[in-house]
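First comes the structure, then the notes that go with it.
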Amino acid sequence: MIGVLFALGAITQNEPMDIDDLRWMAGNWTCEIWGGTFEETWFLPAGGTMQGMGRHLSEGNTGFMEFMSIEPDPNGLTMWMLLGAPSKGDKKPIGFRATKVSKNESVWENPANKSPQVIHYRNIDETEMVCELKAPGEETQIFRFKRIK
């Protein structure tokens, strides 16, 4: 974990970041991917933090889940991800440092993580959000989320 945090410290952000600029991510989202449905939910920013969770459903079963928190730190914002069911084995969060945060886009990077190394969210409009997961030598995973009303 120290190596991850050290690597994250090498990423710098020139502009101050405001977690409230991520309000557009808040809500319930869904997309068809990997032979099933991926659902992602984000709470509105409050108290300086933002929390989210996701799961992949296929043939009536949950095949994957994740829990996220966006938290301030001395260098800006970090998205912490806990992958998999908390009830199944020891888990350690993975940190992704924000390299861009705006009213319609956020980019999170961790070059020490094997995959993904970059998580890129884009606000298309009030009903659509795209998330791309990128890693060198791998095909970019594209989640085309639609807002659930």
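Look at the range 107-134: where a residue is basic (Lys, Arg) and a partner is crowded, with 17+ Cβ neighbours inside 10 Å and part of a loop (DSSP other than H, G, I, E, B), sitting 6+ places away or on another chain with Cβ atoms under 6 Å, you get 134/116. Scanning the range 125-149 for residues that are out of contact with any Phe, Trp or Tyr (no Cβ under 9 Å at 6 or more places or on another chain) and not hydroxyl-bearing (Ser, Thr, Tyr) yields a total of 10.
Applying the selection to the range 118-127, what residues are among the polar types (S, T, N, Q) and assigned to a strand (DSSP E or B)?
Initial filter on the range 118-127 (among the polar types (S, T, N, Q)): 123, 127.
The one that is among the polar types (S, T, N, Q) and assigned to a strand (DSSP E or B): 123.
Just so you know, in the range 52-90 the residues that are polar (S, T, N, Q) and within 30 Å of residue 16 (Cβ to Cβ) include one that is farthest from the chain's Cα centre (by Cα), and it is 75. Comparison of 103, 91 shows that the only residue that is touching a helix residue (DSSP H, G or I) at 6+ places or on another chain (Cβ under 6 Å) and on the phi < 0 side of the Ramachandran plot is 103. Within the range 140-148, not a single residue is of a type outside the set (A, V, I, L, M), in a loop (DSSP other than H, G, I, E, B), within 21 Å of residue 18 (Cβ to Cβ) and at pLDDT 95 or above. In the range 72-94, which residues are in contact (Cβ under 8 Å) with a residue 40 or more places away in the chain and within 20 Å of residue 38 (Cβ to Cβ)? Hits for the range 72-94 are 79, 94.
None of 58, 106, 69, 102 is touching a Lys or Arg at 6+ places or on another chain (Cβ under 7 Å) and of a type in the set (S, T, N, Q) except 106. Of all residues in the range 114-126, those satisfying the criterion of being surrounded by fewer than 16 Cβ atoms within 10 Å (Cβ to Cβ) and either among the aliphatic types (A, V, I, L, M) or over 17 Å from residue 21 (Cα atoms) (or both) are 114, 115, 124. The single condition among (1) surrounded by 16 or more Cβ atoms within 10 Å (Cβ to Cβ); (2) part of a strand (DSSP E or B) that residue 130 does not meet is (1). Restricting attention to the range 21-70, the residues that are in a loop (DSSP other than H, G, I, E, B), in contact (Cβ under 8 Å) with a residue 12 or more places away in the chain and either surrounded by fewer than 18 Cβ atoms within 10 Å (Cβ to Cβ) or polar (S, T, N, Q) (or both) total 7. Within the range 80-88, the presence of a residue that is buried (at least 16 other Cβ atoms within 10 Å of the Cβ), in contact with a Lys or Arg (Cβ under 7 Å, 6 or more places away or on another chain) and on the phi > 0 side of the Ramachandran plot is excluded. Since residue 12 meets every condition but one in (1) among the hydroxyl-bearing types (Ser, Thr, Tyr); (2) at pLDDT below 95; (3) surrounded by 14 or more Cβ atoms within 10 Å (Cβ to Cβ), which condition does it not meet? The single condition residue 12 does not satisfy is (3).
The values are calculated or read from the model by the stated rules, or taken from the named source; none is laboratory data. Keep in mind that this is a model prediction, so the values were computed, not measured. Cβ atoms come from the backbone with ideal geometry, glycine included; neighbour counts cover every protein chain shown.
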